[in-house]
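Okay, structure first, notes after.
Only the coordinates and a few stated rules stand behind these numbers; no lab work does. In this text the structure is predicted, and so the values were computed from the model without any measurement. Cβ placement follows ideal geometry from the backbone for every residue including glycine, while neighbour counts extend to all protein chains displayed.
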Amino acid sequence: MNKSGKGKARFEEKDAFIRAALNEASIPTLIMSMIHLTGDLDLLETLPKPRKPVMGELQGFMGEDEKEYIRDLAFKAIKEYKDREDLKPFIPKKEDLHRMMEFMVGEKVSHDYFELMLEEIDLLDLDPRKVNFKNYKKVKIPDDFEIIVIGAGLSGILAGIRLKQAGLKFNILEKNPDLGGTWLENSYPGCRVDIANHFYSYSFNPNNEWSEHFSQQAEILNYLKKNVKKYNIFKNINFGRKVISAHYKEEIKRWELNIKYNSGKEETITANILISAVGQLNRPKTPKFPGIKKFRGNQFHSSRWDHEQELARKKVAVVGTGASSFQIVPEIAKVARKLYVFQRSPAWMYPNPLYHVKVSKNKKWLLKKIPLYSKWYRLLLFWPGSDSLMPSLIVDEKWEHQERSVNAMNDKQRETFTDYIEGQIGEDKSLLSKVIPQYPPFVKRMLQDNGGWLNSLKKKNVDLIVDPIISINSKGIETSKDSFDLDVIIYATGFHGTEFLSSLEVKGKNGQSLSKLWKDEPEAYLGITIPNFPNLFCLYGPATNLAHAGSIIFNSECQVRYIMDSIKYLILHEFQEIDCKEEINKEYNKRLQKALSRTVFSSITTDSWYKNKKGNVVTTSPWLIKDYWSWTRKLNPEDYNFS
């Protein structure tokens with residue numbers, strides 16, 4: 001800690017409040033802050049060492065005596081910091097930061113992971129993922145150099161922020177009347193994030209004011225709106241504009257877009273660069289049951305929630321038991337007269353006691369007031385959710401029980417998850433037989449549960465139906481064994497996740513249709529660029545969904561940096577066109593499919609939204625986040641043709 005004299009107190013909180021706040025502190029995180037407060041790196045040698053963290057465990061598995069000892073030391077350091085406004089946090093040398101990181105996570109951290117994590121937590125608020133455009137002064141940007149972003153969701157907003165920072169001319173076209181994408185369209189009861197919120201935020205603009213550890217839809221939408229306002233990009237977003245088609249015009253090296261306004265008006269515009277931020281999960285998938293149009297009650301998809309529909313004292317059906325259903329069912333079960341939950345196959349779930357827990361006043365204070373506490377807290381959340389899970393997801397061909405697990409580690413996970421489910425269900429053997437999956441863990445998306453889902457299924461007004469739905473009639477649903485009279489049917493049946501860019505007609509060089517090229521096998525280099533579709537970049541493109549690590553925000557930040565570096569290269573070298581080489585794309589996707597074939601995601605034990613009609617995984621990434629981060633840090637010009 002640098003000292004130069006005594007000044008005004010930094011905050012007004014009394015000793016009793018500080019001690020109470022420390023009782024709720026994450027001890028490994030607190031130790032990191034103590035080093036910044038005191039400048040004492042010897043603490044790494046003298047203090048008890050945290051053990052390797054797991055998701056949801058924030059105390060380093062320390063005993064109460066150890067935690068109390070550290071809290072006492074921290075209290076003294078915080079007291080001095082409080083009373084000395086002139087004291088500045090000590091920032092260690094890089095090699096010492098590496099030591100601190102290894103101490104905190106209880107294991108060795110390779111150079112690559114250290115660099116990745118240091119960039120992610122951004123200790124000095126330097127925003128290292130922002131691409132530097134200072135060299136612009138050497139080249140005049142043409143006045144008509146324009147960029148179009150399709151979609152004002154999480155990734156589209158991120159692209160807009162980076163384009164604004166670079167001083168480029170751009171517009172974001174959004175089909176909805178407001179921004180937010182997924183977080184606007186999905187407004188059903190119970191909708192919330194299932195990634196810890198203090199990590200599920202832009203690395204350059206974290207939020208220490210989250211009201212819950214896993215916040216609900218409205219709060220996340222509000223966070224996105226605050227970013228739009230802070231970075232002044234609202235005027236760049238054009239609402240109520242649906243892109244019908246995008247055709248590449250080779251003679252002028254620009255994309256021509258046909259746009260339809262909500263009013264019915266149509267317009268044609270052009271742009272040098274086209275960035276697709278339409279997402280994977282934005283087109284509702286509703287089952288085509290026979291007789292579905294005959295139902296006289298109300299029916300709707302979970303992402304098109306009818307907020308006018310009263311559910312209290314109604315007979316309600318929820319079709320599907322995936323991520324949305326896990327959040328919806330506990331809420332409807334509180335008010336419905338009768339709730340029928342129709343299940344094709346059960347889901348594995350990770351026990352998460354913090355899932356509905358609010359962030360206390362004390363924890364918010366620590367995040368806001370204690371130097372760099374929030375930065376290291378982000379790391380502690382990220383680390384166990386980075387790549388450490390991947391070994392358990394790789395198929396061991398010698399493992400004899402492929403129908404239940406893909407290797408010994410995966411089998412241990414299965415036992416842990418099964419024990420949790422059995423503990424929640426209790427003596428109801430009939431219900432237990434319905435909720436234990438037969439397939440290996442992580443074949444499908446792993447869901448979160450704090451007891452809300454399983455306890456809802458135990459309620460007297462809730463029935464879990466596993467018989468196949470045969471048809472829908474005017475009164476309700478018919479299965480192979482029974483019929484159910486209903487007032488409302490809610491389809492929590494997911495999205496057309498494998499149909500990338502299918503909401504518009506895209507044509508590249510020589511009028512080549514992207515939908516005809518891809519058919520049911522979408523592929524892109526790094527999930528971002530497509531040969532013969534120059535100057536087109538995808539966010540959350542093919543095989544970039546994360547099912548083992550990180551978050552969509554992390555991947556989007558990697559992709560946007562890569563796109564910004566590509567645009568910078570074009571401008572600085574006075575090129576008009578960047579086009580991925582076919583051999584580069586082919587080689588990459590060959591490696592991709594080989595890697596995917598070795599993962600649990602490709603298991604034939606069940607279907608999932610990761611797979612296309614042929615059973616091939618086309619949505620989800622098999623890569624370590626460390627590798628994808630490394631590949632997207634900078635454009636490799638050798639991968640592209642320029643003109």
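Here are a few things to note about the model shown:
- Cα-centred dipole magnitude for the chain, charges only on beta-carbon of K, R (+1) and D, E (-1), debye, nearest 20: 1520
- For region 112-195, with +1 on Lys and Arg beta carbons and -1 on Asp and Glu, the positive-most of GLY181, ASN171, PHE145 along the dipole: PHE145
- Principal axis box of region 152-241, alpha-carbon based, largest edge first, Å: 37, 27, 16
- The share of C-alpha pairs in region 201-272 whose separation exceeds 14 Å stands at 71 percent.
- Calculated SAXS-style log₁₀ I(q)/I(0) at q = 0.11, 0.18, 0.27, 0.28 Å⁻¹ - region 84-160, Debye, Cα scatterers: -0.56, -0.93, -1.28, -1.31
- Beta bridges assigned by DSSP with both partners in the chain are antiparallel in approximately 45 percent of cases.
- Listed residue (MET101, TYR525, GLY279) projecting farthest to the positive dipole end of the chain, Cβ model: GLY279
- About the centre of its Cα atoms, region 1-156 shows a dipole size close to 560 debye [charges on the beta carbon of Lys, Arg (+1) and Asp, Glu (-1) only; nearest 20 debye].
- Environment charge of ARG254, counting only residues whose C-beta is closer than 12 Å and scoring Lys/Arg +1, Asp/Glu -1: -4
- For the residue pairs LYS134/LYS249; LYS14/LYS76; LYS358/LYS626; LYS294/LYS314; LYS288/LYS481, the alpha carbons lie more than 24 Å apart in LYS134/LYS249; LYS358/LYS626.
- Spatial separation of Cα centroids for region 385-415 and region 462-493, in angstrom: 35
- Working note: Cα atoms of region 49-92, range along each principal axis, descending, whole Å: 37, 23, 17.
- Residue-averaged 222 nm ellipticity for the chain, from DSSP H runs of 4+ at -39500 (n - 2.57), nearest 500: -9500 deg cm²/dmol
- Close amide H contacts of LYS314 (hydrogens built in the peptide plane, cut-off under 5 Å, sequence separation of 5 or more or a different chain): ARG337, LYS338.
- When all alpha carbon pairs of region 411-522 are counted in 5 Å bins from zero, the resulting P(r) reads 2, 8, 13, 14, 13, 13, 12, 10, 7, 5, 3, 1, 0 %.
- Sequence ranges 537-545, 219-227, ranked by mean other-Cβ count within 10 angstrom, highest first: 537-545, 219-227
- The Stokes-Einstein estimate for the chain, based on a Kirkwood radius over Cα pairs and taken at 25 °C with 0.890 mPa s viscosity, is a diffusion coefficient of 92 µm²/s.
- Electrostatic bookkeeping for SER471 treats Lys and Arg as +1 and Asp and Glu as -1; over the other residues with beta carbon under 15 Å from its beta carbon, the sum is +2.
- Sum of side-chain charges, ARG192 neighbourhood, beta-carbon under 14 Å (Lys, Arg +1; Asp, Glu -1): -4
- Long-range HN-HN contacts of HIS301 with modeled amide H, under 5 Å: TYR491
- When the trypsin sites (Lys or Arg not before Pro) in region 53-129 are filtered for DSSP coil states and for at most 14 other beta-carbon atoms within 10 Å of their beta-carbon, the remaining sites are LYS93, LYS108.
- As a rough guide to protection, the peptides 368-381, 349-362 ranked by mean Cβ packing within 10 Å, highest first, stand as 368-381, 349-362.
- Reciprocal mean inverse distance between Cα atoms of region 284-383 - Kirkwood radius, Å: 17.3
- Across region 417-429, rounded Karplus estimates of 3J(HN,Hα) from the backbone phi angles (6.51 cos²θ - 1.76 cosθ + 1.60, θ = phi - 60°) give 5, 5, 4, 5, 4, 4, x, 6, 7, x, 8, 7, 5 Hz, Gly and Pro being marked x.
- Positive end of the dipole of region 582-643 (Cβ unit charges, origin at the Cα centre): among LEU624, SER597, SER608, the Cα lying farthest that way belongs to SER608.
- Point-charge dipole on Cβ atoms (K/R +1, D/E -1) for region 237-358, about Cα centre, debye to 20: 680
- Across region 331-337, computed HN-Hα scalar couplings (Karplus, 6.51 cos²θ - 1.76 cosθ + 1.60, θ = phi - 60°) run 6, 5, 4, 6, 10, 5, 5 Hz from first to last residue, x flagging Gly and Pro.
- Placed amide H near ILE470: partners under 5 Å, 5+ positions off or other chain: GLU478, THR479, SER480
- Each residue of region 248-253 was assigned a 3J(HN,Hα) from its phi angle through the Karplus expression (A = 6.51, B = -1.76, C = 1.60, θ = phi - 60°), giving 7, 9, 5, 5, 10, 6 Hz with x at Gly and Pro.
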